[in-house]
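Just below is one structure, and these are the notes that go with it.
The values are calculated or read from the model by the stated rules, or taken from the named source; none is laboratory data. None of these values were measured; they are calculated from a predicted model. As a convention, Cβ positions derive from the backbone with ideal geometry for all residues, glycine included, and neighbour counts pool all protein chains shown. Each accessible area value is taken on the protein alone, full model and side chains, heavy atoms only, with ligands, DNA and RNA left out. Shrake-Rupley method; radii C 1.70, N 1.55, O 1.52, S 1.80 Å.
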Amino acid sequence: TGCTAEATTGVAIPMVPAHIQAPPTERVIIEAAAKGVQIYECRPAQDTPTRLEWIFKAPQAELFDPQGKVIGRHYAGPIWESTDGSKVMGEAKAQAEAPEPGAIPWLLIAARSTEGRGVFSQITHIQRLNTTGGKPPQTGCDASQRGQVLRVPYAATYYFYVAKP
């Protein structure tokens, strides 16, 4: 996973398992570092309502360009919103376990919809890679924590793709 391939835009794309690669008809236009939290709530499990567990609610993160400038934010939907007002809403299509223990999975996300006329308006796919943190505790929650919200720090790199011209 440490190897890279140069995109035509000069963004170094990490080598990833085939099932989370973006289609070859697309190219990366934005690389954004994300720093924020994954938000969980102690609720009954879907499959066993008598058992409580940490259920994912939403991400909340700021997005930064390679120079450290804030270029947007990421929040429930999941939605990525640029500082230019454009947005992309995604849907996870595939995942791979992160190499780092305690890190949320790497994802391939397809754009479900876009909004606005800015940089995110033409996005077709997003990859979430290089994740650190973000997973809830391995132990579930108990009755004394029911309804409690847990904010787990995470970081990731998001790669935003568009169709090749």
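Quick rundown of the values:
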item: Hey, Gln127 open to solvent by 40 Å² or more (accessible area, probe 1.4 Å) and not acidic (Asp, Glu) or not; result: no
item: Looking only at segment 134-165, and only at residues there that are without any contact (Cβ under 8 Å) to a residue 40 or more places away in the chain and closer than 30 Å to Pro44 by Cα, the one that is most open to solvent (accessible area, probe 1.4 Å); result: Gln138
item: Residues that are out of contact with any Lys or Arg (no Cβ under 8 Å at 6 or more places or on another chain), surrounded by 18 or more Cβ atoms within 10 Å (Cβ to Cβ) and not polar (S, T, N, Q), drawn from segment 74-121; result: His74, Pro78, Lys87, Val88, Ala98, Ala111, Val119
item: Residue count, segment 99-125 (criterion: among the β-branched types (Val, Ile, Thr), closer than 26 Å to Glu41 by Cα and not in a loop (DSSP other than H, G, I, E, B)); result: 1
item: Gln60 closer than 21 Å to Thr25 by Cβ and surrounded by fewer than 17 Cβ atoms within 10 Å (Cβ to Cβ); result: no
item: Criterion (within 21 Å of Glu26 (Cβ to Cβ), modelled with pLDDT of 95 or more and in contact with a helix residue (DSSP H, G or I) (Cβ under 8 Å, 6 or more places away or on another chain)) met by exactly one of Ala110, Ala96; result: Ala96
item: Lone qualifier among Gly77, Gly90, Gly72, Gly68 - being outside any strand (DSSP E or B), within 21 Å of Val162 (Cα to Cα) and modelled with pLDDT of 95 or more; result: Gly77
